[in-house]
1. With a cap of 13 neighbouring Cβ atoms within 10 Å, and only residues DSSP puts in a loop, list the trypsin sites (Lys or Arg not before Pro) found in segment A:1-90.
2. Over the heavy atoms of B:Met41, what accessible area does a 1.4 Å probe trace out, to the nearest 10 Å²?
3. Divide by every residue of chain A the summed helix terms, -39500 (n - 2.57) for each DSSP H run of at least 4, and state the resulting mean residue ellipticity at 222 nm, rounded to the nearest 500 deg cm²/dmol.
4. If you count only protein heavy atoms and use a 1.4 Å probe, how large is the accessible surface of A:Trp83, to the nearest 10 Å²?
5. Using a Förster distance of 25 Å, how high is the FRET efficiency between A:His86 and A:Ala23, based on the Cβ-Cβ distance and rounded to 0.05?
6. Pop out the carbon and sulfur fraction of the accessible area of the protein assembly as shown as a percent, whole number, probe 1.4 Å.
7. Out of the GluC sites (Glu not before Pro) in segment A:16-94, which ones are loop residues according to DSSP with at most 12 other C-beta atoms within 10 Å?
8. For A:Leu102, go 7 angstrom from Cα along the Cα-to-Cβ vector, then report the distances to that same point in the other copies in nm, smallest first.
2 protein chains.
Amino acid sequence: MSPDRLSTTFAALADPTRRAILARLASGVASVTELGEPFAMSLPAISKHLKVLERAGLIARGREAQWRPCRLEARPLKRAADWLDHYRRFWEQSFDRLEDYLRELKKKEKKHGSRK
Amino acid sequence: MSPDRLSTTFAALADPTRRAILARLASGVASVTELGEPFAMSLPAISKHLKVLERAGLIARGREAQWRPCRLEARPLKRAADWLDHYRRFWEQSFDRLEDYLRELKKKEKKHGSRK
């Protein structure tokens, strides 16, 4: 069974080097050599990461024979963000609870302060 | 090297069964048996998925000896959403471009229509 698109996206993002490559491409197109520069990594190793990103549709590569610049493709990132968005109420709830707690704490401190 | 937290989160999300388990837990706590029911999967296979989710901090399990209910933990999902949010401008840009294109198309149609 071939993995679904969302699984392929998340798997591609599950690596710090690949996320760093996407971060680099967020500031503009780059060649494979340019992308490899910040990493203590061989060009074949970088190429392997690029292939994973390309298969996941997260980057596209130009057709220029020599240079083949890579660019970011954001559509799969949007789908991943949309999926995560269903869970937003859960982390917002926990922040609401924290806020309630801090408000309660402030109230108590005020009370304590006025008794002095 | 142990993988960083974000990589562990994305790796845990890179599986449709694990995402379905999180979706189920979004509607409330559940036992392992309850979580296993919708899948044509053995209990050990489900347990393996739960272990991946637990290691990623995406679920927590109760300490009740018999039942050990699982519940969703949203914090790692928030971190993943925060990371994706840096790329929001890229997919919003492409939608803006699409909108511009549709507006242009409408204008042309109008022109064409008024010539009739």
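1. A:Arg63
2. 70 Å²
3. Details: 6 runs with 76 residues, N = 116.
Per the formula, -20500 deg cm²/dmol.
4. Surface accessible to solvent at A:Trp83 totals approximately 30 Å².
5. Values: r = 25 Å, r/R0 = 1.01.
My answer for the efficiency is 0.50.
6. Numbers: 8180 of 15280 Å².
Using a 1.4 Å probe with all protein chains present, the protein assembly as shown comes out at 54 percent carbon and sulfur.
7. Details: sites: A:Glu34, A:Glu54, A:Glu64, A:Glu73, A:Glu92; in loops: A:Glu64, A:Glu73.
Taking segment A:16-94 and a limit of 12 other Cβ atoms within 10 Å, the loop GluC sites (Glu not before Pro) found are A:Glu64.
8. Copy-to-copy label distances at A:Leu102, shortest first: 3.9 nm.
The values are calculated or read from the model by the stated rules, or taken from the named source; none is laboratory data. Computed from a predicted structure; not experimentally measured. Cβ atoms come from the backbone with ideal geometry, glycine included; neighbour counts cover every protein chain shown. Areas reflect the complete protein model, heavy atoms only, side chains present, ligands, DNA and RNA absent. Shrake-Rupley method; radii C 1.70, N 1.55, O 1.52, S 1.80 Å.
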